[in-house]
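Peer 1: Mind looking over this structure? Questions follow.
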Amino acid sequence: FAAATQPKPLAGRHVLVTSGPTIEPIDPVRFITNRSSGKQGHAVAAAAARAGARVTLVSGPVSIPDPKGVDVVRVETAQEMHAAVFAALPADVAVMAAAVSDWRPAEVAREKIKKAAGDPPPLAFVENPDILATLGHDGRRPQVVVGFAAETANVEANAARKLAAKGADYIVANDVSLQGGVFGGDRNSVRVLSAAGIDVWPTLAKDEVAERLIALIAERLG
Ligand code: CTP
Ligand code: CA
């Protein structure tokens, strides 16, 4: 049986979503990463698909299932995510929910670093490309660009800076202090910043945050 006909506000649109952490290798057996579960980004991809969009989800390593009806491109490092995002263009909408590693080890050791006598090995880092900022200022920029801002302090001021610096239409800001339980949890308390100001949303299931965000994007697309 066909489900009751629902409005498909994103029919004919291509929505590009990043989700999850990236991981940056140190040597063949070790890497650095972060606490992102991918739940919020995957929920956005699923909501976009339910709204009728063709969805490309570029995801770092996560332990949750692929959302239904979405093309998933799996990556590990920030550089791979950057390349996959640009390879997926053109898109009408980009939602960059991934927790991209800001830095990667300057050199990846080809062999496992051994626990030799003496000091622990020093780690030097180099900065990764800022995928959102690059896309936000690119000639192929999607019509609607959304970023997230993970903050542990001064949430609104930091998010406002990111809105301007990254060329985004919206920044979804959340407080990721450890006691807040956002990382890995099923609920999220966000503030949505745009040129129009700041909208404080109630604490919602990540699926509901995703639904609302997709509705906002659909409205903006017209
Ligand atoms: N982002 C990105 N590429 C990066 C770093 C971040 O695309 N190399 C995106 C994230 O996906 C998110 C937004 O930029 O949508 C903000 O990420 P966040 O880590 O909060 O901001 P940063 O600019 O990295 O600043 P900081 O970590 O110092 O707060
Ligand atoms: Ca960052």
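Peer 1: Within the stretch 87-102, count every residue that is outside any loop (DSSP other than H, G, I, E, B), open to solvent by 10 Å² or more (accessible area, probe 1.4 Å) and more than 9 Å from ligand 2 (Cβ to nearest atom). Spell out how you get there, then give the answer.
Peer 2: Within the stretch 87-102, the subset outside any loop (DSSP other than H, G, I, E, B) is 87, 93-96, 99.
Now restrict to residues that are open to solvent by 10 Å² or more (accessible area, probe 1.4 Å): 87, 96, 99.
This time we only want the ones that are more than 9 Å from ligand 2 (Cβ to nearest atom), so: 87, 96.
So the answer is 2.
Peer 1: For the stretch 82-112: of the residues being within 25 Å of N174 (Cβ to Cβ) and out of contact with any strand residue (DSSP E or B) (no Cβ under 6 Å at 6 or more places or on another chain), which is nearest to ligand 1 (Cβ to nearest atom)?
Peer 2: V100
Peer 1: Report, by residue number, each residue of the stretch 99-124 that is without any contact (Cβ under 8 Å) to a residue 24 or more places away in the chain, among the acidic types (D, E) and within 18 Å of I23 (Cβ to Cβ).
Peer 2: E107
Peer 1: With the checklist (1) modelled with pLDDT of 95 or more; (2) open to solvent by 20 Å² or more (accessible area, probe 1.4 Å) in hand, flag the one item A117 doesn't pass.
Peer 2: (1) is the only condition that A117 fails.
Peer 1: Separate question: Filter the strands (runs of 3 or more DSSP E) completely within the stretch 118-222 down to those with at least 3 residues that are within 16 Å of ligand 2 (Cβ to nearest atom).
Peer 2: 125-127, 144-151, 170-175
Peer 1: Considering only the stretch 67-81, how many residues are closer than 30 Å to T152 by Cβ, open to solvent by 50 Å² or more (accessible area, probe 1.4 Å) and more than 11 Å from ligand 1 (Cβ to nearest atom)?
Peer 2: Residues flagged as closer than 30 Å to T152 by Cβ, open to solvent by 50 Å² or more (accessible area, probe 1.4 Å) and more than 11 Å from ligand 1 (Cβ to nearest atom) within the stretch 67-81 amount to 4.
The values are calculated or read from the model by the stated rules, or taken from the named source; none is laboratory data. In this text the structure is predicted, and so the values were computed from the model without any measurement. As a convention, Cβ positions derive from the backbone with ideal geometry for all residues, glycine included, and neighbour counts pool all protein chains shown. Accessible surface is based on the protein model in full, side chains and every heavy atom, while ligands, DNA and RNA are left aside. Shrake-Rupley method; radii C 1.70, N 1.55, O 1.52, S 1.80 Å.
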